[in-house]
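The structure appears right after this line, and notes come after that.
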Amino acid sequence: MTTTDWTELLARVWGKQPALLPAAAPAGPAHLHRTIVAACEPFRAGTVFRTLPQVRLHTPLGWLGAPGRLLPDADDPSPAAYRARLRREPAGSGPDTGFLLSVRQPLHTDWALWSAVRDSLAELWRRVGLPCLPVEAELTEGDDFTRTPGLAAPSAHAVLTWVLAGALEAELHEPDGEFRVLRATAGELLYWPEGSRWREHHRDGCVTLRISVPRAQHLATGAVKDLLAEDVRGRLEYDGTVPCLPYPPPAGGPPDLVVAVGEAARAAAGGAELAAALRARWAAWWSSAGLEPVPAPRADVPLGPEQRLRVVRGIVRLPDGPGRWIWAVNGHAFPIGGAAGERIAQQLRPGRELTVGELCRAVGADEHNRAVTALLRKLHALRGIDLTGGERTDG
């Protein structure tokens, strides 16, 4: 079944009811396993906080704060090999009655995987609409494990789960009171809309790729709040600590730091910076099909007039004031000004091949024009264009 087939079938039930569909995942279990192993490496020495990817090894007694050697490594060539090793661990040192290894937001560490998932999502968004907030990705490997947090409250996300190996059984409690059980095996996709309560059982060495699509209004509020907080932090000058006042505190109102934060928030909300930041973030989300975080740029390369280029990714362009635009490629946004940017954009149609010199002449610039060359180097670093003619381009 082609990508178009599953997106068409899913579009028929999107936002209405759960579905079980045949749909090949954007990558195979071996590729996902390599990404999981790489994501786990920093966690083998202990728990790592406030970083992505986030790795958790869940057992029936709770998740392990420092799983160490219980995480997969290079000596575990496949999910099956990793599962077999866990089963051989001495009694009491490993999960005896099932486990679930969860890796949240790992895709940006693997350009090929990130790109494949982004392209699959873009096909779906063409049918159901592009989410206005970033989606969340999770990879899992598990066996004989039941996950229950989804029962606590109606989901604020629509959920897509590709099963790459084993089986995933989902118990779904719908807002209208209906209860159903769906069982997906390798090569199938489970979907349930926002508002569902769910419990899932990972069976037979289950491997999954999950995408959670934000749907609740409070998630949009949170996204704007985060941008506002970034702006406020940039306006304040202090050492990062919150002072303590003598007790009883002196009369006269809130402490100076609290007042300063309030004044900075008022200025940020009333200024043009917040709206500009939202435009830039929206352009970035659009160009990444909502898939965040995004891969880091690849290494810069020199470009001469004879270097031949291929345009491999369309550029998202949003107006940002008179003569100014926001360009975005693969989740990275940056400003462009002047009439030359418009002429260059017209030449960068996806699939086109041309040399640096040909592009410069087409936009009325010298073939050694530094501004044009710098822009092309940036687009190459962001993987919007590739080099051709036998040159090797990493990433």
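The values are calculated or read from the model by the stated rules, or taken from the named source; none is laboratory data. Here the structure is a predicted model, which means the values were calculated and not measured. With ideal geometry, Cβ positions are generated from the backbone for all residues, glycine too; neighbour counts draw on all protein chains shown. Accessible surface areas use protein heavy atoms only, side chains included; no ligands, DNA or RNA. Shrake-Rupley method; radii C 1.70, N 1.55, O 1.52, S 1.80 Å.
At a 1.4 Å probe radius, carbon and sulfur cover how many percent of the accessible area of the stretch 203-309? That fraction is 60 percent. Coupling constants for the stretch 166-177 follow from the phi torsions by the Karplus curve (6.51 cos²θ - 1.76 cosθ + 1.60, θ = phi - 60°), and in residue order they are x, 9, 10, 9, 10, 9, 10, 10, 7, x, 7, x Hz; glycine and proline get x.
Per atom type, the stretch 24-67 shows carbon and sulfur on 59% of its accessible surface, probed at 1.4 Å. Computing Rg and the Kirkwood Rh from the Cα coordinates of the stretch 16-70 gives a ratio, Rg/Rh, of 1.11. In this calculation the C-beta distance from ARG279 to VAL301 is compared with R0 = 30 Å, giving a FRET efficiency of 0.50. Springs join every pair of Cα atoms under 10 Å in this Gaussian network model of the chain, and among LEU303, LEU101, LEU32 the largest mean-square fluctuation is at LEU303.
Taking 1 over the mean of 1/r across every pair of different Cα atoms in the stretch 195-236, what Kirkwood radius in Å do you get?
Values: mean 1/r = 0.0713 Å⁻¹.
In the stretch 195-236 this quantity evaluates to 14.0 Å.
Could you work out the per residue convex hull volume over the alpha carbons of the stretch 6-214, in cubic angstrom? Please report the intermediate quantities before stating the final value.
Working: hull volume 24.1 nm³, N = 209.
Taking only Cα atoms, the stretch 6-214 has a hull volume of 115 Å³ per residue.
A simple spin-label model places pseudo-atoms 7 Å from Cα toward Cβ; at ALA362 and ASP204 they are separated by 5.2 nm.
For a modelled paramagnetic label at VAL259, 7 Å from Cα along Cα-to-Cβ, no residue of the stretch 198-233 is in reach, as no backbone nitrogen comes under 17 Å.
Compute the semi-axes of the equivalent ellipsoid of the stretch 308-387, taking the square root of 5 times each eigenvalue of the Cα gyration tensor, and list them largest first in whole Å. Don't skip to the end; give the middle numbers.
Numbers: eigenvalues 66, 49, 21 Å².
The answer is 18, 16, 10 Å, longest axis first.
Seen from a random direction on average, the alpha-carbon convex hull of the chain projects onto 25.8 square nanometres.
Quick check: at a probe of 1.4 Å, how many percent of the accessible area of the stretch 106-201 sits on carbon and sulfur atoms?
About 50 percent, which is the carbon plus sulfur part of the accessible surface.
Give me the 1.4 Å probe accessible area per residue for the stretch 308-387, excluding ligands and nucleic acids, in Å².
Details: 3660 Å² over 80 residues.
In whole numbers, the stretch 308-387 has 46 Å² accessible per residue.
The simple spin-label model puts a point 7 Å past each Cα toward its Cβ; for ARG370 and GLU230 those points are separated by 3.0 nm. Over the stretch 6-214, accessible surface divided per residue gives 41 Å², non-protein components excluded, 1.4 Å probe.
How high is the FRET efficiency from THR148 to CYS244, r the C-beta distance, R0 30 Å, rounded to 0.05?
Values: r = 41 Å, r/R0 = 1.37.
Efficiency for this residue pair is about 0.15.
Approximating the spin labels as points 7 Å out from Cα along Cα→Cβ, the GLU342-to-THR185 distance works out to 5.9 nm.
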